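Here the structure is laid out as structure tokens; the discussion comes afterwards.
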Amino acid sequence: MARLANDAHVVPWTARLHAPSASALYVHLPFCVRKCAYCDFASWETPRGDEAMSRYVDALCSQLKEARDAGLLDACETAYVGGGTPTMLGAADLARLVRTMRDVAPYLRELTCEANPDSLDDEVLRTLAEAGVTRLSIGVQSLQDGELAALGRLHDAQRAEQRVAAAVASGLDVSLDLMCATPLQTDANWADTLRRAIDLGVGHISVYPLQIEEGTPLAVRLGDDDPDWNDPAVQAHRMEMAEELLTAAGLARYEVASYARPGKACRHNQAYWTGLPYLGLGTGASSMLTAEGYEELRRRWGRLPRRPDDAARVRLTISSARTEVAQHGDLASLDADVEFLTESQAAAEDLMLAMRMARGADPALLLHAQHALGTDAVDEAIAWCLERKLASWQGERLAPTHEGWLLGNELYGALWDLADGEPTSAQTTE
């Protein structure tokens, strides 16, 4: 690969494969007032004020302290509280969780909390800011009442605009989630939602096409139908509309679905796409750790399976139910599904995930991939992507093109196919 012939200035990517601490922390709160029609996340309808939520937070706080004592949060810079609907916990429990996250990860530069307009009242907003949250990600989805009702959302457009305006006025960084290719949506309505979202003055907007997931109420309602409103061509068109309007308003696309004003890109989300290790706690939460980080975690969580000698990266997802998490409280009691990746599989994965970023893969990653996967194999895969105009050279970076953005699965698949076999799966022991 001639563009990388002079590599003396490149910082080795392999350092990311040996960091003992996670760079990012994710905590999952699986509680919702009502499940949305399209949602297949790990979340369950829960009455407001249910004591189970407080017990669950107790357990998470205990596990966070265990992770700190294991050294897994020594270099953690970003954290994210997701769900579910974190803001339905109420001010006291949510603030307690956030303060614990601050205590166990003292070097956090960014702490995001997801919020829904229906439960983001003034007390919760004020308490989150005082507890140490720096950023809110608000699940607006649409600013059209008919679309919101069809999606099963609890708020209307007026409530969403009011609560977003209050969040912006609080001084926190604010991001909105919007959804396209949904029931009742038209080009005109979508453009109106985008313009109104821009006018709210937020620094970040994420845009996602609706995915009809098997087993959700929406999928059951549709049966075998493939609705025209969710056709792949409609999805692509609406995503292009969003890019045009958001870019014109000064929000640049830095990731496949995310736009930000200068300095407002989400650091936490970028960790997922750039090979940095992260730790996830709570039912359904996922982690990606180095071999060193996994061994530290395993000293506390002895039921985790032994790591194969050739495993350079470990992915694990907590499979314990929310009631089990709340009941036992400690890491050792949790169940998890585990995947072990070799160095070559990790390199292919990093190449694939880098193509989610507008800036693409940097020289350090490309050189590491050549060493881990073979120069000829990597060059051949890159040539395939270049020939099909899915990627292009931007200086020494390999970046996705407009076509690569819209046809992401083709681009990602070509790079993941460089991996030698599939990851090895395992589970916690009895």
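None of the figures in this text is laboratory data; all of them are computed from the coordinates on show. Computed from a predicted structure; not experimentally measured. Note: ideal-geometry Cβ built from the backbone for every residue, glycine included; neighbour counts use all protein chains shown.
Work out how much length ALA252 to GLU123 would gain on full extension: take 0.36 nm times their residue separation and subtract the Cα-Cα distance, in nm to one decimal. Walk me through the numbers on the way to the answer.
Values: separation 129, 0.36 × 129 = 46.44 nm, distance 3.25 nm.
Between ALA252 and GLU123, full extension yields an extra 43.2 nm.
Round to a whole angstrom and tell me the spacing of the C-alpha centers of segment 221-266 and segment 112-127.
Each part's Cα centre sits 25 Å from the other's.
How far is the Cα center of segment 158-181 from the Cα center of segment 20-77, in Å?
Comparing the Cα centres of segment 158-181 and segment 20-77, I get a distance of 23 Å.
Provide the per-residue ³J(HN,Hα) series for segment 397-409, in order, calculated from phi with Karplus coefficients 6.51, -1.76, 1.60 and θ = phi - 60°, each as a whole number of Hz, with x at glycine and proline positions.
The phi angles translate into 9, 9, 10, x, 8, 4, 5, x, 5, 6, 10, x, 4 Hz.
Net charge around THR46, counting only other residues with Cβ within less than 15 Å of its Cβ (Lys, Arg = +1; Asp, Glu = -1)? Let's see the in-between values first.
Working: positive: ARG34, LYS35, ARG48, ARG55, ARG322; negative: GLU45, ASP50, GLU51, ASP93, ASP118.
With Lys, Arg at +1 and Asp, Glu at -1, the neighbours total 0.
Counting only other residues whose beta carbon sits under 13 Å from that of ASP145, what net charge do I get with K and R as +1, D and E as -1?
After counting each charged neighbour, the total is -1.
May I ask you to derive the relative contact order of segment 342-430, considering only C-alpha pairs under 8 Å and at least 6 residues apart, and to give it as an integer percent? Before the final figure, lay out the partial values.
Numbers: 115 pairs, mean separation 35.4, N = 89.
Once divided by the residue count of segment 342-430, the mean separation gives 40 percent.
At 0.890 mPa s and 25 °C, plugging the Kirkwood radius over alpha-carbon pairs of the chain into Stokes-Einstein gives what diffusion coefficient in µm²/s? Each step should come with its number before you reach the end.
Values: Rh = 22.6 Å.
Stokes-Einstein gives a translational diffusion coefficient of 109 µm²/s.
At a threshold of 8 angstrom on Cα-Cα distance, excluding pairs fewer than six apart, so keeping six or more, what relative contact order does the chain reach in percent? Mind dumping the intermediate values first?
Working: 851 pairs, mean separation 75.7, N = 430.
In percent, rounded to a whole number, it is 18.
Taking 8 Å as the Cα distance limit and 6 or more residues as the minimum spacing, I'd like the relative contact order of segment 20-271 as a percentage. Write down the numbers at each step before the final one.
Values: 451 pairs, mean separation 43.9, N = 252.
In percent, rounded to a whole number, it is 17.
Percent antiparallel among DSSP beta bridges with both residues in segment 20-271, to the nearest 5?
Values: 6 of 34 bridges.
If we restrict to bridges inside segment 20-271, about 20 percent are antiparallel.
Kindly provide log₁₀ I(q)/I(0) values, in the same order as q = 0.14, 0.15, 0.18 Å⁻¹, from the Debye equation applied to equal alpha-carbon scatterers of segment 20-271.
Those come out to -0.96, -1.10, -1.46, one per q.
Leaving out same-chain residues fewer than 8 places away, which aspartates and glutamates sit with a Cα under 12 Å from that of LYS264?
Correct list for LYS264: GLU110, ASP173.
Compare ALA191, ALA399, ALA361 in a GNM of the chain, Cα atoms joined below 10 Å, and give the one with the largest fluctuation.
Its mean-square fluctuation being the largest, the pick is ALA191.
What ranking of ARG298, ARG356 emerges when the number of other C-beta atoms within 10 Å of each C-beta is taken as an exposure proxy, fewest first?
Details: ARG298 18, ARG356 22.
The fewest-first ordering by Cβ neighbours comes to ARG298, ARG356.
Could you run the Karplus curve 6.51 cos²θ - 1.76 cosθ + 1.60 with θ = phi - 60° over segment 415-420 and give me ³J(HN,Hα) per residue in whole Hz, x for Gly and Pro?
Using θ = phi - 60°, the values come out as 7, 5, 5, 5, 5, 8 Hz.
If we count other beta carbons within 10 Å of each Cβ, what is the order of CYS385, CYS39, fewest first? Kindly include the intermediate steps, with their values, before the conclusion.
Values: CYS385 20, CYS39 17.
Final ranking by Cβ density, sparse to dense: CYS39, CYS385.
Could you work out the local net charge near GLU387, counting Lys and Arg as +1, Asp and Glu as -1, over the other residues with Cβ closer than 14 Å to its Cβ? Display every interim value, and only then the final one.
Details: positive: ARG388, LYS389; negative: ASP379, GLU380, GLU403, GLU410.
Within the 14 Å Cβ shell, the charges total -2.
Roughly what % of DSSP beta bridges within the chain run antiparallel, to the nearest 5?
Numbers: 29 of 61 bridges.
Counting DSSP beta bridges with both partners in the chain, the antiparallel share is about 50 percent.
For TYR80, TYR107, TYR278, what ranking results if the residue with the fewest other Cβ atoms within 10 Å of its Cβ goes first? Let's see the in-between values first.
Numbers: TYR80 26, TYR107 11, TYR278 22.
Ascending number of Cβ neighbours within 10 Å: TYR107, TYR278, TYR80.
Isolated Cys in the chain by the 4.7 Å beta carbon test?
CYS32, CYS61, CYS76, CYS113, CYS180, CYS266, CYS385
How large is ³J(HN,Hα), in whole Hz, for each residue of segment 255-268 in order, when computed from phi with the Karplus curve 6.51 cos²θ - 1.76 cosθ + 1.60 and θ = phi - 60°, using x for Gly and Pro?
9, 3, 10, 10, 10, 8, 6, x, x, 10, 5, 7, 5, 4
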